[in-house]
Structures are given as C-alpha cells and as structure tokens.
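Trainee: The structure follows.
The values are calculated or read from the model by the stated rules, or taken from the named source; none is laboratory data. What you see is a predicted model; the values in this text were computed from it and never measured. Don't worry about glycine lacking a Cβ; one is built from the backbone with ideal geometry, like all the others, and counts go over all protein chains shown.
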Amino acid sequence: MSQRTTATLLAVLALAATAGTVNVRAQQAQSEEIARRVKTKVAPVYPDLARKMNITGTVKVEVVVSPNGSVKDARVIGGHPVLANSALEAVKKWRFEPAPMESTGVIDFKFEPR
C-alpha cells in the first residue's frame, strides 16, 4: 500500500473511532429555487459503507423537473461521493406538481446522526 493510501485509511479509521455509533436520518430540504410543490418525496437510503465509516454531510442535487412533474434530469453538484448516489437515486423518484414549463433547482439531502 502506498503511503498516501495508508494515511487516508488511518484518517478514516481515526474519524470512525471517535464518532461512535451513528443512526442515520436522511432529510430533504427543498431549495427556494424550485417554485413547484413536491407531491411525492422518496428518502435516500443511507449506504452501508457510509454507516460503517460514520460519514455524514449534505449532498446537493440539481434537478430539472418536466412540465408533468417528473424529474427529467438530476446531477450531483456537491457532497460526499459515498452519499451522492443514494441522494441521486432518491430524487429521481420525486414527483412535483404540474406546471406549464420546466423548472430547475437545487435540493439538499442531509445525512446526519440521530
């Protein structure tokens, strides 16, 4: 193992050892940028790897909502890579109220201990 990999692994293990047991609560907070009301929200699944490593944080996902209210496109614009895929999969299942035009905005998914 390289020195950099070893140092990274030790840092992660030290962080995990000091954090203790983590129960996860994933919350979504809709940004003011999206003027449409959410009809259906799907909570992200907290990844097993994130649980084992005691990873917490916020993942920011930019969404494009089609006129019929379904999520047309979504992309991660910030957050921990271990948490990002879970947030992305969840937001793609969200449904918004219909509107005459597409809407774009940012949704924050917060992964934090209980």
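Trainee: Filter the range 62-85 down to the residues that are in a strand (DSSP E or B) and closer than 18 Å to P98 by Cα and list them by number.
Mentor: Selection gives V63, V64, V65, S70, V71, K72, D73, A74.
Trainee: Still on this structure, I have one more. What number of residues within the range 87-114 are of a type outside the set (V, I, T) and more than 16 Å from N68 (Cβ to Cβ)?
Mentor: 12
Trainee: Still on this model: Applying the selection to the range 86-114, what residues are within 15 Å of R36 (Cβ to Cβ) and assigned to a strand (DSSP E or B)?
Mentor: R95, F96, S103, T104, G105, V106, I107, listed by residue number.
Trainee: When only residues in the range 40-61 that are assigned to a strand (DSSP E or B) and polar (S, T, N, Q) count, which is farthest from D108 (Cα to Cα)?
Mentor: So, considering only residues that are assigned to a strand (DSSP E or B) and polar (S, T, N, Q), the one farthest from D108 (Cα to Cα) is T40.
Each row is one residue, and each column tells you yes or no for (1) of a type outside the set (D, E, K, R); (2) more than 17 Å from E112 (Cα to Cα); (3) modelled with pLDDT of 95 or more.
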{"site": "M1", "(1), (2), (3)": "yes, yes, no"}
{"site": "R4", "(1), (2), (3)": "no, yes, no"}
{"site": "A17", "(1), (2), (3)": "yes, no, no"}
{"site": "E32", "(1), (2), (3)": "no, yes, no"}
{"site": "Y46", "(1), (2), (3)": "yes, no, no"}
{"site": "I55", "(1), (2), (3)": "yes, no, no"}
{"site": "T58", "(1), (2), (3)": "yes, no, yes"}
{"site": "P67", "(1), (2), (3)": "yes, yes, yes"}
